[in-house]
1. How many of the residues in segment 103-134 are without any contact (Cβ under 8 Å) to a residue 60 or more places away in the chain and part of a loop (DSSP other than H, G, I, E, B)?
2. Which count do you get for residues in segment 45-81 that are in contact with a Lys or Arg (Cβ under 8 Å, 6 or more places away or on another chain) and either over 18 Å from GLY95 (Cβ atoms) or modelled with pLDDT under 95 (or both)?
3. For segment 44-55, how many residues meet the condition of being within 25 Å of THR117 (Cβ to Cβ) and open to solvent by 20 Å² or more (accessible area, probe 1.4 Å)?
4. Out of the residues in segment 58-76 that are aliphatic (A, V, I, L, M) and touching a Ser or Thr at 6+ places or on another chain (Cβ under 9 Å), which is least open to solvent (accessible area, probe 1.4 Å)?
5. Got at least one residue in segment 61-73 being under 12 Å from the mean Cα position of the chain (by Cα) and more than 22 Å from GLU123 (Cβ to Cβ)?
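The values are calculated or read from the model by the stated rules, or taken from the named source; none is laboratory data. Only a predicted model underlies this, so the values are computations on that prediction, with no experimental measurement involved. We place every Cβ from the backbone using ideal geometry, glycine too, and count neighbours over all the protein chains shown. Just the protein is used for accessible areas: all its heavy atoms, side chains included, with ligands, DNA and RNA removed. Shrake-Rupley method; radii C 1.70, N 1.55, O 1.52, S 1.80 Å.
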Amino acid sequence: MDKKRIHIAAGIILNQDRSKIFITQRPAKAHKGGFWEFAGGQVEQGETAQQAVVRELEEEVGITTTELALLCSLAHDYPDKALTFDFFLIEGFNGEPFGKEGQPGQWVAISELSNFTFPEANEPVLAKILEVLG
């Protein structure tokens, strides 16, 4: 049985001096529940990854993105789903991010990201963040 590939766009939200990133915790009932993540979600039909990440960040953490740049793209297959990701650095935004859907969220120093448990698909992204921003 072929798994349908799902396209996800996520934002790595940077504070003003680029020393911290805002992360959120996945709901307990979700796939990889309890793990930490970069806010984002599924790219809808007819939408670009850039449009999707802007929309998702407004819906999930209440910010309006004003400046973004693609950090990396990757594919990751779990036993139950196949995902393609576009991760964007969010370098400018209006508002203060918070868990708009009730999810915990917090600013974390880049050097402390390794203290949080992220889904396996995020491992190459965490390495890229340290390479580019660490």
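1. The qualifying residues number 1.
2. Here is the first cut: in segment 45-81, the ones in contact with a Lys or Arg (Cβ under 8 Å, 6 or more places away or on another chain) are 47, 59-62, 71-72, 75, 77, 80-81.
Add one more test, that the residue is either over 18 Å from GLY95 (Cβ atoms) or modelled with pLDDT under 95 (or both), and what stays is 47, 71-72, 75, 77, 80-81.
So the answer is 7.
3. Residues flagged as within 25 Å of THR117 (Cβ to Cβ) and open to solvent by 20 Å² or more (accessible area, probe 1.4 Å) within segment 44-55 amount to 0.
4. VAL61
5. yes
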